[in-house]
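Below is one structure, written out as structure tokens, with a few remarks after it.
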Amino acid sequence: MPRPVPRLRTVPATGALPAGPRRILVLGAGGFVGSHLVPRLARRPGAEIVAVDRTLDKLEPGLPAVRRIEADIAKPGLLDELIRRAEVVVSLTALCNPALYNTRPLDVIDASFSDLLPVVKLCAARSRWLVHFSTCEVYGRTALDPRGRAMRKMVEDETALFLGPVQRERWTYAAAKQLLERVIWAHGQHGGLPFTIVRPFNVIGPRMDFIPGVDGDGIPRVLACFMHALMTGAPLQLVDGGRQRRSFLDVGEFVTAIERLLERPQASQGQIFNLGSPRNDFTIRALARALAAAYRKLRPQEPAPRLESVSAEAFYGPGYDDTAARIPSVAKAARLLGWRPRRTLAEMLPEIVGDYLARYAPIPTARARVAEAAGRSGR
Ligand code: NAD
Ligand code: UDP
């Protein structure tokens with residue numbers, strides 16, 4: 001008989017905000033999600049946040065309730081002590097960029113599985129609540145029910161997990177994340193680990209990834225790829241024509257859902273949650289067009305952005321594969337957390353584009369590059 005998952009006692013509220021744990025350890029706090037989540041958690045009354053990452057450059061400096069630790073989570077002895085002191089461990093570390101899944105598959109598997117096994121074991125040994133970030137990628141190529149019939153939405157406790165063949169290394173990340181979910185689940189069912197698993201669906205916002213050649217190298221996720229192209233006047237590249245669909249969620253709404261689940265341990269422990277926005281289901285081509293339009297509004301003097309199709313093999317190399325459509329069911333999050341995403345893509349994009357433009361202002365714009373080239377050739 002599976003043992004019931006022990007419930008964490010709720011810490012009494014000390015201010016206007018609802019109750020929730022106060023001592024929170026965030027691993028991967030310097031990434032895109034962490035840089036939005038940590039400042040929000042730090043504002044909560046009585047919060048004591050420990051923020052760990054290899055680099056915390058993206059995390060707002062000077063947050064009074066935040067202890068910053070720049071270190072690898074594999075540093076000997078580090079986690080043992082930090083987990084002992086925490087009430088909740090939020091695990092965000094991963095290599096979650098599709099360009100790496102078929103080019104650095106072993107690093108991807110380590111980052112999403114091997115490196116996190118000690119975290120799970122320490123949380124289980126000390127009965128600390130583990131809030132682990134998995135991924136919608138675990139659903140794989142398309143939504144299928146357990147009998148292999150197509151479903152429109154991906155449902156946490158119903159939809160099958162349908163990955164491609166091993167030769168398609170795209171699925172290294174999804175397979176590693178899925179196996180860790182199963183390890184966490186087993187510790188919960190058979191060892192009493194209090195846990196919550198989150199499957200984010202294409203969360204977007206300011207500070208996502210990097211601009212190649214400026215603050216990172218390689219191919220970032222699609223938002224930063226398109227922003228890079230827009231800011232440099234290069235064509236936006238649509239992998240296999242950009243017909244594939246994604247559902248885009250605003251990072252601010254995503255963080256609200258995380259706050260909600262932390263406030264409601266009774267409802268959220270022992271659960272897996274999709275967090276995404278089904279109403280923002282668009283093709284990648286539509287995303288490119290919408291971003292280009294938002295960019296043009298802020299930079300009307302720039303030449304009109306161009307879109308071009310590129311094969312997946314040319315863009316990512318061999319072993320890539322893709323998901324045709326990815327729409328979350330968020331019925332469980334609505335029911336148990338009272339959370340419903342509302343922001344449309346059109347509402348999100350101006351702020352995101354504005355942030356990238358401000359952050360990367362030294363990048364010469366397309367127009368400035370043309371003028372510079374003309375100057376060099378003496379025209
Ligand atoms: P991110 O890459 O921006 O952040 C991950 C952070 O982890 C980075 O700052 C990195 O430096 C850090 N890190 C990795 N390995 C580490 C280690 N060994 N020691 C210390 N730090 C380490 O990713 P994100 O977008 O913030 O995503 C957070 C989590 O959510 C990830 O687990 C990811 O798989 C999951 N996720 C995110 C999305 C999304 O749309 N953003 C979608 C699906 C899943
Ligand atoms: N993509 C694209 N052009 C780019 C980068 C990505 O068309 O410059 C596509 C990619 O092939 C995928 C989708 O956009 O189908 C979403 O990419 P993202 O990087 O967000 O990762 P995913 O959603 O696949 O995890």
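The values are calculated or read from the model by the stated rules, or taken from the named source; none is laboratory data. Since the model is a prediction, treat every value here as computed from it, not as a measurement. A quick note on method: Cβ atoms are made from the backbone with ideal geometry, for glycine too, and the neighbour counts reach across all protein chains shown. Quick note on the areas: whole protein, heavy atoms, side chains included, nothing else; ligands and nucleic acids left out. Shrake-Rupley method; radii C 1.70, N 1.55, O 1.52, S 1.80 Å.
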Hey, what does the equivalent ellipsoid look like for the stretch 270-354, semi-axes from the Cα gyration tensor as sqrt of 5 times each eigenvalue, largest first, whole Å?
30, 22, 9
Hull volume in cubic angstrom per residue (convex hull over the Cα atoms of the stretch 264-306)
118
In the stretch 58-98, whose amide N lies under 14 Å from the spot 7 Å out along Cα-to-Cβ of ARG359? List them in ranges.
58-61
The stretch 239-326: relative contact order as a whole-number percent, Cα under 8 Å and 6+ apart
51
Could you give the length gained by full extension between ALA324 and GLN266, i.e. 0.36 nm per residue of separation minus their alpha carbon distance, to one decimal place?
17.3 nm
The stretch 88-216, dipole about Cα centre (Lys/Arg Cβ +1, Asp/Glu Cβ -1), debye to the nearest 20:
280
First compute the accessible area of the stretch 12-83 with a 1.4 Å probe, then give the percent of it belonging to carbon and sulfur atoms.
54
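State the percent of C-alpha pairs, over all pairs in the stretch 85-144, separated by a distance greater than 17 angstrom.
That tail contains 48 percent of the Cα-Cα pairs.
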Taking Cα atoms, the helix 117-126 axis meets the longest principal axis of the chain at an angle in degrees (rounded to 10) of 30
Please work out how much length the chain gains when fully extended from ARG306 to GLU351, using 0.36 nm per residue of separation minus the C-alpha to C-alpha distance, in nm with one decimal.
14.0 nm
Taking just the alpha carbons, could you work out the radius of gyration and Dmax for the chain, both in angstroms?
21.1, 81
Cβ charges +1 (Lys, Arg) and -1 (Asp, Glu), total dipole of the chain, debye
960
Tell me the per residue accessible area of the stretch 158-203 using a 1.4 Å probe; a whole number in Å² is fine.
38
Expected sort for 111-120, 242-251 on mean C-beta neighbours within 10 Å, highest first, is 242-251, 111-120
Net charge dipole size for the stretch 11-116 [Lys, Arg +1 and Asp, Glu -1 on Cβ; Debye, nearest 20]
420
Could you state the accessible area per residue of the stretch 15-102 in Å², with a 1.4 Å probe and every protein chain left in place?
41
Can you give the Rg to Rh ratio of the stretch 20-104, both from alpha-carbon atoms, with Rh computed by the Kirkwood formula?
0.99
Give me the number: length gained by fully extending LYS121 to VAL214, i.e. 0.36 nm times residue separation minus the C-alpha to C-alpha distance, one decimal in nm.
29.7 nm
Run the quick spin-label model on ALA314 and ARG335: label points 7 Å from Cα toward the beta carbon, then report their separation in nm to one decimal.
4.7
Say each of GLU158 and ARG296 gets a label point 7 Å from the Cα, pointing the same way as Cα to Cβ; how far apart are those two points in nm?
4.1
Under 26 Å Cα to Cα from LYS58, which lysines show up? Leave out anything in the same chain fewer than 8 places away.
LYS75, LYS177
Going 7 Å from the Cα of THR142 in the Cα-to-Cβ direction, what parts of the stretch 305-346 have a backbone nitrogen less than 16 Å from that spot?
321-327
What residue among MET231, GLY241, LEU262 has its Cα farthest toward the positive end of the dipole of the stretch 202-302, where the charges are +1 on Lys, Arg and -1 on Asp, Glu, each on the Cβ?
GLY241
Taking Cα atoms, the helix 345-359 axis meets the longest principal axis of the chain at an angle in degrees (rounded to 10) of 70
Area projected by the alpha carbon convex hull of the stretch 110-226, averaged over all directions, nm²:
9.4
ALA47 neighbourhood, Cβ < 9 Å, K/R = +1, D/E = -1, net charge +3
If you roll a 1.4 Å probe over the stretch 133-200 with all protein chains in place, what percent of the accessible area is carbon or sulfur?
53
